[in-house]
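No lab work stands behind these numbers, since they all come straight from the coordinates. Because the structure is predicted, anything quoted here is derived from the model rather than measured. Cβ coordinates were reconstructed from backbone atoms using ideal geometry, including for glycine residues, and neighbour counts include every protein chain displayed.
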Amino acid sequence: MMKSTVVKPMAAMPSPMTSVDLMMCPNAPSANPKTIPTRKGVADGLFRASKMHESYHCQAMPAPPPPSAADVALGLRSVGYLPGDSTALVAFLAVRLGKPVLVEGPAGVGKTELAKALSRYLGRELVRLQCYEGLDEAKALYEWNYRKQLLRIQSEADGTGWDRVQDDIFGEEFLLARPLLTAISSAEPVVLLIDEIDKTDQEFEAMLLEVLSDFQISIPELGPVHARTHPVVLLTSNNSRELTEALKRRCLYLWLDYPELEHELEIVRLHAPELPQTVGRRLVEVIGMVRDLDLKKPPSIAESIDWARALVLLGVQDIDSQTFAETMSLIVKHRTDLDVVAERIGLELGDRVAASVGGAGPEGDGPGLSI
Ligand SMILES: Nc1ncnc2c1ncn2[C@@H]1O[C@H](COP(=O)(O)OP(=O)(O)OP(=O)(O)O)[C@@H](O)[C@H]1O
Ligand SMILES: [Mg+2]
C-alpha cells in the first residue's frame with residue numbers, strides 16, 4: 001500500500017519540454033521520450049571519454065547513495081514517480097548492492113518510467129537500449145566503423161604493411177559504442193535501461209550475462225573493457241516469453257502490477273491535476289471493474305491517465321453511462337473487449353444513474369461501484 005504523503009500534483013507533474021531541454025537532459029519526462037544516441041569513443045584506460053556525448057548529460061549533480069528505501073520513495077516522488085513500497089525497496093537495494101533489477105509486469109504499469117525516474121532522482125544520465133526481435137551485438141554493444149576503416153586503408157601509402165594498417169584500424173577511433181558499451185565505459189555512473197528484454201532471443205540474453213555479472217565487455221581485437229563506474233541497471237519485460245534462469249539469477253526481481261485503487265487515484269491526479277476528485281475516484285473504480293472482466297487487454301495506468309486527461313478536456317463532471325459509452329475506446333482497444341465492456345459496465349453505470357434518479361443511490365464520493 002502507498003504511504004499517505006501526497007506530492008503536490010502541479011509541482012511534481014512532468015512538464016512539457018523544449019528541444020533544448022531534451023538536449024540538456026534527455027531523462028526528464030516528455031511526451032515523446034527518446035532513446036539517447038550512442039557516442040563514439042569510450043573510456044576505460046584503453047578509451048577516452050567522448051566529448052561528443054557531453055551535451056546529453058543531465059545537468060543535475062549525481063546524488064549521493066540513498067541511505068534508506070524511504071529516501072528512495074521520497075526521491076522518486078519528488079521527480080514525479082509514485083512508487084509502491086516494494087518498488088522503493090528494490091530500487092534502494094539495486095543502487096546499494098549494485099545489482100541489476102528485472103522489472104516484470106503487464107503493459108503500461110510504469111516499468112520504463114521507473115528507470116527514467118531513477119535517472120532523474122539520482123541525477124544520472126539514462127542510457128537506453130530498446131530491445132526488439134533480431135537485436136544483435138552490433139546494435140547493443142559496439143561495432144567497427146567499416147566505412148572509416150576502409151577510407152583509412154585506402155589513404156595509406158602503397159607498400160604500407162598490413163600489420164601496421166591492422167593495428168591502426170582496430171583502435172578506439174574506429175569503434176562505434178552502442179548503449180551497453182556506452183553505459184559501462186562512462187566516466188560518470190549512469191542508469192542503464194534495457195527495455196523489453198523479452199523481445200530478444202536467448203542468444204542475446206546469454207551475451208548480456210557477461211555485462212550484468214562482470215560489468216565488462218570483451219572486444220576480441222582490444223581485450224576486455226571493464227566498467228569504470230557501476231551503472232544502475234534495469235531490465236524490463238512484459239512476460240511475452242520466459243527469461244532464462246541464468247539471467248534471473250543475476251538480477252533482483254520486481255513485479256509491477258496494476259496498482260490498488262488509492263495508489264492509482266494518486267497517480268492519475270498527478271498526471272491530470274485538473275480532474276475533479278469525485279470524477280477521479282469514479283474513474284479508478286470503473287477502471288478496476290473493467291480489469292476484473294475477462295478481457296484480451298485490460299486497461300493499464302497509461303490508459304487511466306489518458307482517460308483522465310480526456311475527461312478534463314471534455315469538462316466531464318461525472319462518469320455516467322453516456323460519458324462512458326462515448327469515451328470507453330480510450331481504455332479498451334480490442335473490438336471484442338469493447339462489446340464485453342459496453343454490455344457489462346455500461347449496464348452497471350446505467351443502473352447506477354437510474355437508481356440515483358430514483359433517490360436510492362449515492363452520487364459523487366459515494367461507495368465504490370461493483371458488478
Ligand atoms: N508509479 C507511477 N507514478 C507516476 N506515473 C506512473 C506510475 N506508473 C505508471 N505511470 C505512468 O504510466 C504511464 C505508463 O508507464 P510506462 O510507459 O513506464 O509503462 P510500461 O510498464 O513500461 O509499459 P510497456 O510495457 O507498455 O512498455 C507513463 O505515463 C507513466 O508516467
Ligand atoms: Mg515500457
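Which entries of K116/K296; K199/K333; K297/K333 have Cα-Cα distances beyond 19 Å here? Can you show the working numbers first?
On the way: K116/K296 28 Å; K199/K333 22 Å; K297/K333 7 Å.
From K116/K296; K199/K333; K297/K333, over 19 Å: K116/K296; K199/K333.
Which of the peptides 71-82, 244-255, 91-102 is most tightly packed, and how do the rest follow, judged by the mean count of other Cβ atoms within 10 Å per residue? Mind dumping the intermediate values first?
Numbers: 71-82: 21.5, 244-255: 15.1, 91-102: 19.3.
Per-residue mean Cβ counts within 10 Å order the peptides as 71-82, 91-102, 244-255.
Taking a straight Cα-Cα cut-off under 18 Å and skipping sequence neighbours fewer than 8 places away in the same chain, the aspartates and glutamates within cross-link reach of K248 are E104, D195, E196, D198, D201, E203, E205, E210, D214. Applying 1/(1 + (r/R0)^6) with r as the Cβ-Cβ distance of A342 and D257 and R0 = 35 angstrom yields a FRET efficiency of 0.85.
Which value in Å does the Kirkwood hydrodynamic radius of segment 261-358 take, with 1/r averaged over all unlike C-alpha pairs and then inverted? Provide the component values of the computation, followed by the final result.
On the way: mean 1/r = 0.0747 Å⁻¹.
Taking the inverse mean of 1/r over all distinct Cα pairs, segment 261-358 comes out at 13.4 Å.
Measuring r between the beta carbons of Q277 and H230 and using R0 = 45 Å, the FRET efficiency lands at 0.55.
Tell me, in nm to one decimal, what length is gained between I153 and L209 on full extension, where the rule is 0.36 nm per residue of separation less the Cα-Cα distance?
Length gained, I153 through L209: 16.7 nm.
In loop segments of segment 271-324 as defined by DSSP, the trypsin sites (Lys or Arg not before Pro) with at most 11 further C-beta atoms inside 10 Å of their C-beta are K296. Computed on segment 261-358, with alpha-carbon pairs under 8 angstrom and 6+ residues apart, the relative contact order is 30 percent. Extending 7 Å from Cα along the Cβ direction at T244 and again at S86 yields two label points whose distance is 2.6 nm.
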